[in-house]
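Trainee: Dropping the structure in here first, questions after.
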Amino acid sequence: MFEWIDVSIPTGAALYSQLLIGLINGAFYALLSLGLAIIFGLLGVINFAHGAQYMVGAFCAWALLHYAGIGYWPALLLVPLIVGGLSIIIERTLIRHTYKLDHAYSLLLTFGLLLIIEGVFRQAFGTFGQPYAMPSSLTGATNMGFMYLPNYRGWVLVASLTICLVTWYAIERTQLGSQMRAATENAKLTQALGVNVPVLMMLTYAGGVGLAALAGVMAAPIYQVSPMMGAEIIIVVFAVVVIGGMGSIMGSIVSGFALGLIEGLTKAIYPPASSLIIFVAMAIILLIRPAGLFGRSQGVPAAVSVVRGGADTSINPWLSTALLFLAIVAPFFFYPVFLMKALCFALFACSFNLVLGYGGLLSFGHTAFFGGSAYVAAHAMKVWGFPPELGILAGVATGATLGVIIGSIAIRRQGIYLAMVTMALAQMLYFVAVQAPFTGGEDGIQSVPRGMLFGFIDLNDRLTLYYVVLAIFLIGFAAFVRIITSPYGHALKAIRENEARAVSLGFRTNSFKLICFVLAGALAGLGGSTKVIVFGIASLTDVHFAMSGEVILMVLLGGLGTVLGPIFGAFAIIAMESYLQAYGAWIKVIQGVIFIVIVLVFRQGIVGEFDRIAGWGRRLMGRSPSKGVQARDASAGAHN
Amino acid sequence: MSEDNILTTEGLTKSFGGFVAVRNVDLRVRRGTIHAVIGPNGAGKTSLFNLLTKTYPPTSGRIVFDGRDITAMKPYDVARIGLVRSFQISAIFPRLTVRENVRVALQGKTDESYAFWRSGKTLRRLDARVDELLAVVDLTGFADSPAVQLPYGRKRALEIATTIALEPTLLLLDEPMAGLSRQDIARIAQLIRQLAADRTILMVEHNLSVVSDLSDRITVLSRGEVLAEGTYQEVSTMPRVQEAYIGGVHAA
Amino acid sequence: MQPEAGTAPMLCVRDLEAWYDESYVLQGIDLDVREGEVVTLLGRNGAGKSTTLKSIMGMMDRCAGTITFKGSDIRGAASHRIALAGIGYCPEERGIFSSLTVAENMILPPRFGDPALSLERIYELFPNLLARRASFGSKLSGGEQQMLAIGRLLRTGARFLLLDEPTEGLAPVIVEQIGRVILELKRAGLTILLVEQNFVFVSQMADRHYVMEDGKIVDVIANDRVQAEEGKIRKYLGV
């Protein structure tokens, strides 16, 4: 009865070999999530660069072999030392400054690091993989009776299990480990008892990154050494971490291996589901046990942990009029396709601004709404022959529906957990887009007809199309402004400012957050489906997590929680991508640098920063919390 | 029967691991009174307060508010039936204006808060009530400044204004005087007395001069248990209360 | 400029101010503790006693004034440096790490000098702890936690202890035991700054009492004057 999805239960060697592949993947999940867990436990930092550091480990092994003739075995020791050592520089110069800020800032900072590292390696090596030879002593395979076990894979299994257990032992049973556990529990007190916690944190970061680099060396002979290898694995690892329970050492190890195995099993039974199964497992576990399998339940939600923006609702009428005039005459001075693209992304940015800037919800997989809607709108218009207005409506409805689904799972967690959950769910959608029959795989849905709007407006005329897109943008923007100034918008801002207080005043805060996801989903859907009409295509880039990063950058750059800022941000990023195209992957590096600069220097974004200077100027004599903390942090550092 | 108790607890107990923070507490708060809970550090005042405000569930025991068993109710629902708390650290919405802070509280009672399609102007009908509340706590002059810019004592006043906006029948105040200067203490005490005119107030407070000045009845906690109950005159003269406060154990 | 050794107080605090966010908690504290003394900070809840200890340990984000320990200014130093300079700190509510066993808690603070008591002697003083060495901190009773919190400071080499309400919430028999330990430490020549509300308890071991109110020191009472000043003290602390 399952013929239609081609389910088959394999037996014997085929099953074992899939399970083996699963276990090998699981070994890498375990090593990486272990490093993430250690770093998060003590530093409170979600190290987004973890996947990139794993990739650097693999490249480092490759480079040692190619440039210095240093082989696999010495690399196993050298690479973690080199990459871990480099990470000390990163910790001292950058990450250290986020310790006293909200966790979300360290997530954004390390996301910037990821962009920089990946950009540099892509620039240097392209996206193709470099082969790395297996050590000669481990070639060949051993007959286990029921299957042939390739020796190298056997080694990886044994080695990773050993490393995990040694790490666990070091944390649970040694003096240094007990200092780490104590500092994880209460860093301030541990330091007051004489433990040099700043150095401990530095070493912990280096240790966690060293584990990632070690995993990279071990992965090099199995997978291709490519700049993309980190990005592919890190989101799966985030899902593993959410399942296991953040900060639980044993939880990371067990769930890493277990999920690898489940993935392998799924591949044997129903291959298309194998890349989804971990995310499905994550969603189910979040519904049943929000703290994760090994995590301690958090009890009462504390005040919501978010990046703080301005939550401004004022619009300067003169500025708006001038901008509107500019928008009307712009196609005569600029390339209209660029303008239309920017307008679509401006809608997307407004949507993200709504969830983060006004709702305080760090939706790190926001592109699910944008890209998911784009696919549905494209399919509706191309295959079902929907006219553009209905295509857009279908896109908006899709965005809202995704808002219900993703939102209702995500709001079970808060702050950075919410970020990881949304990211994982978005990645699930990405895999659906890669594999589903109607999405066109790598090609996407191409040559979607623009058609006639309302049956009489021909969208194939470029100038007409521009004004239609502008009108759609204005409708979406007006809706955004109405939402943030409505009674609901006021309540939402209050919840963002102080959730515990809002609860005590009688607000069912989860309902507000869910509505926020739905509205933002619809708004992103409007942008995504309009983009389909402009370009006639919905493709994997629309649902790729890099796009989620881009929209975050647009909003942060323009000014989180400001009405107009994200629109500027969208134009700036799209302009940068259009005009710097020739520089290839350096764009990623520049974006990464912008992320880091925003986190460390301009936490209010550019527009927000102007507001802050103007509005808070008179309070200069008073307290300036973030600056004060940084200054103190710096002076404390000087003592070390 | 003869007493009209707005809040009663029966055998309320909370343990954390092996540590019993609140043990078998029977509390009776009479309607229309100012009732204070006092006790030395570590007596379980904050834990008791958190149980009453539904911050966490009790290990055992019952809480009855206005004739309804609220032991299993959610905090936001409790707020809607008239039991509203304040916080020790001034719980305000820092970047909303003072006016918006109070207005949001008024909004909390209505389901209109979900109306994302409506103009914010519909909230203006609440402004008259907002102005009244601001006048009560003497914040009229600050209405349009962001709440974060208020001086510390004024923040406390703002928090109280948002709390009474819900028209609670029972107001729970968590150390309302913590961190305040002498002038602010006098002002907030005056305000509490004024609010008590038409509602019941239960407060946890360790400033004893405030407690003696304001409260009708006092419950003294020590090591998680009720040590004494009565008027200030009564409890303050009890030897066991004296001992709990200044100690009485003789070392070798 | 160095004060003469022997006559100068071991710890000297001048004009100490501290803030929690905007709340002005310490409003100019002056206090001295000489070597070998047991000095207490008395006062009601919220008077700023614990904050004074935290400021000495460098644990406050914002504070001002000078804190001199053994002749060098420690204000603004990282708190582990202050600990390693010889100050042992036992926080309010004891600060036992629940994910560490008793033995791990005991050896957590690094040892930097001649210990006041050997590990054997510490376990002798607190026999319960020896029996429960493998238990996790979260499983201890309040009294056991307090003994562990004091015990772990004694093997580090710290000869100056800051104890924050060591009798808080404890049963009388445990309070007695802790009293005996503090007296033994005093005899061993340790210097102790003690925060307490239990006045009867501290009057048996202290040399002087500083009384705090609203973030200020409002009175200093020598221990031999407590009988005479009892009425005043009751007014400061009592109900």
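FYI, it's all coordinate maths here, none of it is from the lab. Keep in mind that what you see is a predicted model, and the values were worked out from it rather than measured. Because the Cβ atoms are built from the backbone with ideal geometry, glycine has one as well, and the counts that use them run over all protein chains shown.
Trainee: Rounded to the nearest 20 Debye, what is the dipole magnitude of chain A about its Cα centre when Lys and Arg each give +1 and Asp and Glu each give -1 at the C-beta?
Mentor: Taking the Cα centre of chain A as origin, the dipole is about 1620 debye.
Trainee: If you stretched the chain out fully between A:S320 and A:W384, how much longer would it get, using 0.36 nm times the residue separation minus the C-alpha to C-alpha distance?
Mentor: Result for the pair: 19.2 nm of gain on full extension.
Trainee: So, in Å, what gap is there between the alpha-carbon centers of the range B:175-191 and the range A:13-41?
Mentor: Centre-to-centre (Cα) distance: 58 Å.
Trainee: So if each residue of separation counts as 0.36 nm, and I subtract the Cα-Cα distance between C:F112 and C:D224, what length gain in nm does that give?
Mentor: Here the segment from C:F112 to C:D224 would lengthen by 36.7 nm.
Trainee: On C-alpha positions alone, give me the angle between the axis of helix B:182-195 and the longest principal axis of chain B, in degrees, nearest 10.
Mentor: 80
Trainee: Counting pairs of alpha carbon atoms under 8 Å apart in space and at least six apart in sequence, what relative contact order in percent does chain B give?
Mentor: Values: 434 pairs, mean separation 70.2, N = 252.
Reported relative contact order: 28 percent.
Trainee: If you count, for each residue, the other Cβ atoms within 10 Å and average over each peptide, how do A:381-394, A:502-515, A:545-558 line up from highest to lowest?
Mentor: In descending order of packing, they fall as A:545-558, A:502-515, A:381-394.
Trainee: Related question: Per-residue ellipticity at 222 nm for chain C, helices alone: DSSP H runs ≥ 4 residues times -39500 (n - 2.57), over residue total, nearest 500 deg cm²/dmol?
Mentor: Here the helix-only value at 222 nm equals -9000 deg cm²/dmol.
Trainee: Can you list the HN-Hα couplings for the range A:234-243, worked out from phi with the Karplus curve (6.51, -1.76, 1.60; θ = phi - 60°), rounded to whole Hz and with x for Gly and Pro?
Mentor: Running phi through 6.51 cos²θ - 1.76 cosθ + 1.60 with θ = phi - 60° gives 5, 6, 4, 5, 4, 4, 4, 5, 5, 5 Hz.
Trainee: While we're looking at this one, here's another question. Taking R0 as 45 Å, what's the FRET efficiency between A:V199 and A:Y335 from their Cβ-Cβ distance, rounded to 0.05? Write out the running numbers ahead of the final one.
Mentor: Details: r = 54 Å, r/R0 = 1.19.
Calculated transfer efficiency: 0.25.
Trainee: So, one more: Give the residue from A:A520, A:I537, A:F325 lying farthest towards the positive end of the charge dipole for the range A:317-543; charges sit on Cβ (+1 for Lys and Arg, -1 for Asp and Glu) and the dipole is referred to the Cα centre.
Mentor: Projecting each Cα onto the dipole axis, the largest value belongs to A:A520.
Trainee: Does anything in the range C:109-130 have its amide N under 19 Å from the 7 Å Cα→Cβ label point of C:R180, and if so which residues?
Mentor: Residues C:117-130 fall inside that zone.
Trainee: Per residue of chain B, what 222 nm ellipticity follows from adding -39500 (n - 2.57) for every DSSP H run with n ≥ 4, rounded to the nearest 500?
Mentor: -9000 deg cm²/dmol
Trainee: Given 0.36 nm per residue, what is the gain on full extension from B:A72 to B:A186 after removing their alpha carbon distance, in nm?
Mentor: Fully extending the segment from B:A72 to B:A186 adds 37.3 nm.
Trainee: Summarise the partner chain shielding of B:218-225 as one whole number: the mean count of Cβ atoms from other chains within 10 Å of each residue's Cβ.
Mentor: Mean shielding by partner chains, rounded to a whole number: 1.
Trainee: Using only helices, what value at 222 nm comes out for chain A when you add -39,500 (n - 2.57) per DSSP H run of length 4 or more and divide by the total residues, to the nearest 500 deg cm²/dmol? Present the calculation step by step, with values, prior to reporting the outcome.
Mentor: On the way: 26 runs with 441 residues, N = 640.
The helix-only estimate for chain A comes to -23000 deg cm²/dmol at 222 nm.
Trainee: Right, here's the next one. Compute log10 of I(q)/I(0) for the protein assembly as shown with the Debye formula, placing one identical point scatterer on every Cα and leaving out solvent, at q = 0.05, 0.07, 0.08 Å⁻¹, to two decimals.
Mentor: -0.38, -0.74, -0.96
Trainee: Taking every residue in B:91-100, how many Cβ atoms of other protein chains lie within 10 Å of its Cβ, on average?
Mentor: Average neighbour count from other chains, rounded to a whole number: 5.
Trainee: Using only Cα atoms, what is the ratio of the radius of gyration of the range A:514-570 to 2.2 N^0.38 Å?
Mentor: My calculation over the Cα atoms of the range A:514-570 gives 1.20.
Trainee: About the Cα centre of the protein assembly as shown, what is the dipole size in debye to 20, counting +1 per Lys and Arg Cβ and -1 per Asp and Glu Cβ, all else neutral?
Mentor: Taking the Cα centre of the protein assembly as shown as origin, the dipole is about 360 debye.
Trainee: Still on this structure, I have one more. In µm²/s, what is D for chain C at 4 °C and 1.567 mPa s, where D = kT/(6 pi eta Rh) by Stokes-Einstein and Rh is the Kirkwood radius from Cα pairs?
Mentor: Values: Rh = 18.2 Å.
It diffuses with D of about 71 µm²/s by this estimate.
Trainee: Note down the magnitude of the dipole of the range A:317-543 about its Cα centre, charges +1 on Lys and Arg C-beta and -1 on Asp and Glu C-beta and zero elsewhere, to the nearest 20 debye.
Mentor: 600
Trainee: Still on this structure: Would chain A count as rounded, prolate or oblate if I go by the C-alpha gyration tensor, calling it rounded below 1.5 in a/c and otherwise prolate when a/b exceeds b/c, oblate otherwise?
Mentor: Taking the square roots of the gyration eigenvalues as a ≥ b ≥ c, chain A is oblate.
Trainee: Excluding residues on the same chain fewer than 8 positions from A:K267, give the aspartates and glutamates whose Cα lies under 17 Å from its Cα.
Mentor: Cross-link targets: A:E3, A:D6.
Trainee: What are the residues whose amide H is under 5 Å from the amide H of B:V37, where those residues sit 5 or more places off or on another chain and H is modelled from the backbone?
Mentor: The list, which skips near neighbours in sequence, is B:M203, B:V204, B:E205, B:T219.
Trainee: Among A:F438, A:I484, A:G455, pick out the residue whose Cα is farthest towards the positive end of the charge dipole of the range A:317-543, where Lys and Arg carry +1 and Asp and Glu carry -1 on C-beta, about the Cα centre.
Mentor: Sorting the options by dipole projection puts first A:I484.
Trainee: Going by Cα centres, the range A:520-582 and the range A:59-102 are how many Å apart?
Mentor: Computed from Cα coordinates, the inter-centre distance equals 33 Å.
Trainee: Separation between the C:Y20 and A:Y148 pseudo-spin-labels, each 7 Å from Cα along Cα→Cβ, expressed in nm?
Mentor: That separation, rounded to one decimal, is 6.9 nm.
Trainee: Please compare each pair in A:K513/B:K109; B:K45/C:K186; C:K54/C:K186; A:K188/C:K235; A:K188/B:K14 to a cut-off of 25 Å on the Cα-Cα distance and tell me which ones are over it.
Mentor: Long pairs (Cα-Cα over 25 Å): B:K45/C:K186; A:K188/C:K235; A:K188/B:K14.
Trainee: Long-range amide H contacts for C:G28: which residues qualify at under 5 Å (H placed 1.01 Å from N, peptide plane, sequence gap of 5 or more or a different chain)?
Mentor: Those qualifying (amide H under 5 Å, at least 5 residues apart or on another chain) are C:L16, C:E17, C:A18.
Trainee: So, by mean Cβ neighbours within 10 angstrom, what's the order for C:39-47, B:49-57, B:139-147 with the highest one leading?
Mentor: C:39-47, B:49-57, B:139-147
Trainee: Which is farthest toward the positive dipole end of the range B:152-228 among B:T200, B:I185, B:L171, measuring Cα position about the Cα centre, with Cβ charges +1 (Lys, Arg) and -1 (Asp, Glu)?
Mentor: Sorting the options by dipole projection puts first B:I185.
Trainee: On to the next question. From the alpha carbon gyration tensor of the range A:317-543, can you work out the equivalent ellipsoid semi-axes (sqrt of 5 times each eigenvalue) and give them in Å, largest to smallest?
Mentor: After scaling each eigenvalue by five and taking roots: 30, 23, 13 Å.
Trainee: If you plug each phi of the range A:184-195 into the Karplus form 6.51 cos²θ - 1.76 cosθ + 1.60 with θ = phi - 60°, what whole-Hz ³J(HN,Hα) values come out, in order, with x for Gly and Pro?
Mentor: 5, 6, 7, 5, 5, 5, 4, 5, 5, 8, x, 7
Trainee: Also: Which whole-Hz ³J(HN,Hα) couplings does the range B:202-207 yield from phi under the Karplus relation 6.51 cos²θ - 1.76 cosθ + 1.60, θ = phi - 60°, glycine and proline marked x?
Mentor: Using θ = phi - 60°, the values come out as 10, 10, 9, 8, 10, 7 Hz.
Trainee: Okay, moving on. Helix C:172-187 versus the longest principal axis of chain C: what angle, 0 to 90°, nearest 10, using Cα atoms?
Mentor: 70
Trainee: Okay, next question. Please report how far the C-alpha centroid of the range C:156-210 lies from that of the range A:138-193, rounded to the nearest whole angstrom.
Mentor: If we compute the Cα centre of each part, the gap is 44 Å.
Trainee: Determine the shielding of peptide A:182-191 by partner chains: average, over its residues, the number of Cβ atoms on other chains within 10 angstrom of each Cβ. If you can, show how the numbers build up before the last one.
Mentor: Working: counts 11, 2, 2, 7, 5, 0, 7, 8, 7, 9.
Mean partner shielding for this stretch: 6.
Trainee: In a GNM of chain C with a 10 Å cut-off on Cα contacts, which of C:E124, C:E213, C:E168 has the highest mean-square fluctuation?
Mentor: Maximum among the listed residues: C:E124.
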